[in-house]
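Reviewing the structure listed below.
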There are 2 protein chains.
Amino acid sequence: MKTRESFVPVYFQLAEDLKEKILAGELKPGDALPSETQLGEQYRISKMTVRNGLRLLAQEGLIKSFRGKGNFVAHPNLSELILKLSDPGLESSRSYDAKLLAINVISAEDGVALRLQIKPGSKLIRFRRLLLMDKEPVAVENRYLTYQRGQPLVEQEIKYADFPEAVAKHTGIITEGNQVTISAVSLNQADSELLETSSGIPALKIEQLVYGRKNTPLGLSIMICHGEKYHLIASTRSFFS
Amino acid sequence: MKTRESFVPVYFQLAEDLKEKILAGELKPGDALPSETQLGEQYRISKMTVRNGLRLLAQEGLIKSFRGKGNFVAHPNLSELILKLSDPGLESSRSYDAKLLAINVISAEDGVALRLQIKPGSKLIRFRRLLLMDKEPVAVENRYLTYQRGQPLVEQEIKYADFPEAVAKHTGIITEGNQVTISAVSLNQADSELLETSSGIPALKIEQLVYGRKNTPLGLSIMICHGEKYHLIASTRSFFS
DNA sequence: CAGTGGTCTAGACCACAAA
DNA sequence: TTGTGGTCTAGACCACTGG
C-alpha cells in the first residue's frame with residue numbers, strides 16, 4: 001500500500017484498514033490476524049512499521065497479542081470505562097465554582113483513620129468546600145490530608161485550595177494512585193442545609209483516596225453530591241491523547 | 001546500561017529509571033527530559049529503543065511528547081479514572097448472580113426513545129433482570145434493545161441473557177462505544193419490592209448507552225442499585241494489559 | 001539554521017508455542 | 001523444528017520548533 005501521496009503515516013493506514021475489517025465483521029473476535037511478517041509483505045512495509053500499527057489497535061483494545069501464537073481480534077470489553085471526575089456534569093455550558101468553607105486541624109475519627117491507615121486521633125488537616133454550578137450549591141466536599149513533615153503538600157493545598165486543578169498539579173508529583181468509591185446515600189441535616197435543600201434527599205457519595213509512593217495513603221476526599229443536580233459521566237476509552 | 005544479565009528488556013529499564021527520577025521529584029512536572037538522542041547515547045542504546053521506553057511513560061501519563069520541542073514530565077491528571085462496571089463491589093469474596101425477570105416487546109416511551117434516537121412508540125425488546133450478591137438482590141436492570149433486522153443481536157442477547165459477559169462478547173463486534181451516567185435517586189415502590197427493602201431509600205442509577213458504528217445507539221441499560229449494598233469502584237490506570 | 005520528535009527500513013537475535 | 005511475536009540496531013528522512 002504505502003500510499004505516499006497522503007500524509008498519514010503508513011502504520012496508521014494499516015491500523016485503519018484492519019480496524020475497518022474488524023468493525024465490519026470481516027474479522028471476528030477470536031480470529032487470528034495475518035502474522036506480522038505476512039502483513040509486512042502484503043503492505044510492503046517493514047515489520048517494525050507493522051508492529052507500530054498493531055500497537056494502535058492493541059491500545060484501543062481491538063486486538064490482543066500472544067507471543068509465539070499471533071495477533072487475535074479481542075473480545076471487546078465494554079465494562080472498562082473512563083471516568084472523568086473533575087468536570088461535574090460535563091455540561092460545559094454551566095459555570096463551575098468552588099467556595100472554601102473552612103480549614104481546620106482535627107483529630108482523625110475512626111472511619112477516616114482506618115482509610116488513611118493512621119492511628120485514630122492523629123492530627124489531620126481538613127478542608128471543607130462547597131462546589132457550585134451556576135451559583136447553585138451541588139456538592140459538599142470534606143478533604144482530609146495527612147501531615148507530611150517537610151513536604152510542601154499542605155502549603156500548596158492551602159494556597160490553591162479553591163483551585164482543585166492547581167492542587168492536583170502541585171501535589172501530583174508524589175501521588176501515584178487513586179481509588180474512588182461511588183455510592184448512594186441520604187443527605188443528612190447539615191449537608192442538606194449547605195446544599196439548600198431538604199434532608200433525606202438522595203445523594204451521590206464519592207470517596208477518593210489518594211496514594212503516594214509505596215501505597216501510602218496521602219489524603220481522603222469525601223464528596224456528597226446533590227443527586228439531581230450532579231451526576232457522573234463515563235465512557236469507553238478511545239483515540240488520541 | 002544495557003544490563004544483559006537480567007531478562008528485563010532494555011527499554012523497560014530505561015522507563016523504570018526515568019520513572020524513578022520523576023517519582024522521586026528529581027524531574028518535576030514541566031521539566032524537559034534529555035532528548036531521545038541524548039538518552040540513546042547515555043544508555044548506549046538506539047533511538048528506537050529509547051522511544052520504546054518513553055512510550056511506556058507516555059502511556060502511564062507520566063510524560064508528554066511535543067514534536068520539535070522534546071519530552072516533558074506531565075502534570076499528573078488524577079481526575080481521569082478507570083471504572084470497571086461488570087464487577088459489582090469488587091469484593092470477589094462475594095458470589096454474584098443474575099436472575100432474568102422478563103423479556104418483553106414494548107413500545108418505547110419518550111425518555112428511552114430520546115436516548116436511543118428513535119421515534120416514541122417504536123418497538124423495543126426489554127429485558128428485566130435482578131442482580132444478586134450473596135443471594136441478596138442488590139440491583140434491578142432494565143435493558144432496552146433496538147431491533148436490528150438481520151443482525152443476530154437479539155437472539156444472542158436472549159440466549160445469553162443471564163450471562164452478561166457472554167452478551168458483551170457476542171454483541172460486542174458491532175459496538176463501538178459506550179456512555180455511562182451515574183446519579184443518585186430514591187427507590188420507587190416497584191423497585192424497592194424487588195430489592196426487598198423499603199421505598200424512598202437512596203439508590204444509584206446507572207444509565208449505560210451502547211453505540212454501534214456511526215454513533216447509532218444500539219441499546220440502553222438502566223440499573224437501579226441498592227445504595228448500601230452496591231457501590232462502584234474506580235482507580236487510576238496503571239501497568240500492564 | 002540546528003535540534004527535536006515522528007516515521008521507516010532491513011536486517012538480527014531471542015523467547016515462546018505448537019506440531 | 002518451524003513460525004510467531006518481542007526486542008534491538010544503526011542508520012535514514014521527514015515535519016516541526018525555535019533562535
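Tell me: how much accessible area in total is hidden between B and A, 1.4 Å probe, Å², nearest 100?
The buried area between B and A, both sides summed, comes to about 4500 Å².
Given the protein chains as shown and a 1.4 Å probe, how many square angstrom of A:THR197 are accessible, to the nearest 10?
A:THR197 exposes around 40 Å² with every protein chain in place.
Among the listed pairs A:LYS21/A:LYS69; A:LYS99/A:LYS205; A:LYS19/B:LYS47; A:LYS84/B:LYS205, which are separated by more than 25 Å between their Cα atoms? Walk me through the intermediate numbers first.
Working: A:LYS21/A:LYS69 21 Å; A:LYS99/A:LYS205 19 Å; A:LYS19/B:LYS47 29 Å; A:LYS84/B:LYS205 17 Å.
In this structure, A:LYS19/B:LYS47 lie more than 25 Å apart at Cα.
Express the carbon and sulfur contribution to the solvent-accessible surface of segment B:10-73 as a percent, rounded to the nearest whole number, probe 1.4 angstrom.
Roughly 50 percent, rounded to a whole number.
Order A:MET48, A:MET133, most accessible first, counting only protein heavy atoms with a 1.4 angstrom probe.
The residues order as A:MET48, A:MET133, largest area first.
Would you tally the net charge around A:SER199, using a Cβ to Cβ cut-off of less than 14 Å, leaving A:SER199 out, and scoring K and R as +1, D and E as -1?
Neighbourhood net charge equals -3.
Please compute the modelled spin-label separation between B:PHE66 and B:GLU193, points set 7 Å along Cα→Cβ, answer in nm with one decimal.
A separation of 6.3 nm, rounded to one decimal place.
B:HIS231: accessible area at probe 1.4 Å, nearest 10 Å²?
The value for B:HIS231 is about 50 Å².
With a 1.4 Å probe and all protein chains kept in place, how much accessible area does B:ARG51 have, in Å² rounded to the nearest 10?
120 Å²
Protein chains only, probe 1.4 Å: how do A:PHE12, A:PHE72 rank by accessible area, largest first?
Values: A:PHE12 80, A:PHE72 50 Å².
From most exposed to least exposed: A:PHE12, A:PHE72.
Count the net charge of all other residues whose Cβ sits under 10 Å from the Cβ of B:GLY40, scoring Lys and Arg as +1 and Asp and Glu as -1. Mind dumping the intermediate values first?
On the way: positive: B:ARG44, B:LYS47, B:ARG51; negative: B:GLU36, B:GLU41.
After counting each charged neighbour, the total is +1.
The values are calculated or read from the model by the stated rules, or taken from the named source; none is laboratory data. Computed from a predicted structure; not experimentally measured. We place every Cβ from the backbone using ideal geometry, glycine too, and count neighbours over all the protein chains shown. Ligands, DNA and RNA are stripped out before the accessible areas are found, and what is left, the full protein with its side chains, is counted by its heavy atoms. Shrake-Rupley method; radii C 1.70, N 1.55, O 1.52, S 1.80 Å.
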